[in-house]
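Here's the structure we're looking at; comments come further down.
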Amino acid sequence: MAIQARVRLTQYAHGGGCACKIPPGELEAAVARLIPKRRSADLLIGVEHGDDAAVVQIAPDRAVVATADFFTPVVDDAYTFGRIAAANALSDVYAVGGEPLVALNLLGWPRDVLSADLAAEVLRGGLDMATSAACHVAGGHSIDDPEPKYGMAVTGLADPAALLRIDAGRPGQALSLTKPIGSGVLNAQHKATGEVFPAAIDVMTALNADASRQALAAGISCATDVTGFGLLGHLFKLARASGVTAVVDSAAVPLIDGALAALRAGYVPGGSRRNLDWVTPHADFGSASEECLILLADAQTSGGLLVAGEIPGAPVVGHLIERAGPAIIIR
């Protein structure tokens, strides 16, 4: 730990966590050419709607889930960074209703600047998180990179008859959110000041395993995880794919302790503003304040699941209605 006390990992990256994602509009334009004209019947979830993972059926009662996720440091502590990045990668499997089976490390490391001991701490954090998810870690790939980056490629299993999809939302369903939001603004403050926010770390290192299993047990078929495109961005994708309008009760959306204060102090990731700009043409914001909208669009790292249905312990933050003009309405 003495090594980590002398090094602030966030200072070696231009962004941090899922806030360093390519903006959603640019990303969709880039991957549009990957959408096949005719998808194979065994590819149950592909690239069409931006689901969280790919799902391929391999037997009548079994499907393989595949995903990859990595990013630059969101916290200064190497071990904690590894835990957060692994939880975030594992979340993609849970978001489609799967169970992780095996993961491969993805590591980019500025070896002439940061020690191998620090890299080992990042990998140890990822291993411990995967172990807590009963997921094997079996090797991976590393490169010499000007910025530190870490994540995982994760393979899992799922029941093809019980998946969580981004395009399965239906009018009349409630919208549940399983984690509070605000990690983007808190991580921005951490990067600028070095101040540690335990509440944000607790949120980012919490697995979405229980939420996924509860959703499946309740017969729910629509969900997505809330990460770099913010609550509004991921909700827009869900509403668009499902052909519905989402109504959000902004007062019901839970915030991580300290998030509002961080916003008011001016710590706003560029990704959060880009998310808001992307969603604005497709939304009716009513009388919502700018600070409310920034938080709703805040770029999350290892966020919770947004579920079309009600699950125990998760606040209901809105509902779906028949398509009525904009994709999102804020109340």
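The values are calculated or read from the model by the stated rules, or taken from the named source; none is laboratory data. Worth saying up front: this structure is predicted, and the values here are computed from it rather than measured. Cβ coordinates were reconstructed from backbone atoms using ideal geometry, including for glycine residues, and neighbour counts include every protein chain displayed. Side chains included, ligands, DNA and RNA excluded: accessible areas come from the protein's heavy atoms. Shrake-Rupley method; radii C 1.70, N 1.55, O 1.52, S 1.80 Å.
General remarks:
- When G108 is tested against (1) open to solvent by 50 Å² or more (accessible area, probe 1.4 Å); (2) more than 17 Å from the chain's Cα centre (by Cα); (3) not basic (K, R), exactly one condition is not met: (1).
- Any hit, region 93-107, residues being assigned to a loop (DSSP other than H, G, I, E, B), out of contact with any His (no Cβ under 7 Å at 6 or more places or on another chain) and farther than 25 Å from L305 by Cβ: no
- Filtered residue count, region 243-295, keeping only those that are open to solvent by 60 Å² or more (accessible area, probe 1.4 Å), more than 10 Å from I330 (Cβ to Cβ) and touching a strand residue (DSSP E or B) at 6+ places or on another chain (Cβ under 8 Å): 2
- Flag for G243 being at positive phi and either touching a helix residue (DSSP H, G or I) at 6+ places or on another chain (Cβ under 8 Å) or of a type in the set (G, A, S) (or both): yes
- Matching residues, region 258-273, being touching a residue at least 60 places away in the same chain (Cβ under 8 Å) and either among the aliphatic types (A, V, I, L, M) or touching a Phe, Trp or Tyr at 6+ places or on another chain (Cβ under 9 Å) (or both): G258, A259, L260, A262, L263, A265, V268, G271
- Summed over region 84-121, the residues that are touching a Lys or Arg at 6+ places or on another chain (Cβ under 9 Å) and on the phi < 0 side of the Ramachandran plot give a count of 9.
- Test result for V75, under 18 Å from the mean Cα position of the chain (by Cα), more than 19 Å from A116 (Cα to Cα) and in a loop (DSSP other than H, G, I, E, B): no
- All of (1) surrounded by fewer than 19 Cβ atoms within 10 Å (Cβ to Cβ); (2) touching a helix residue (DSSP H, G or I) at 6+ places or on another chain (Cβ under 7 Å); (3) in a loop (DSSP other than H, G, I, E, B) hold for D128 with one exception: (3).
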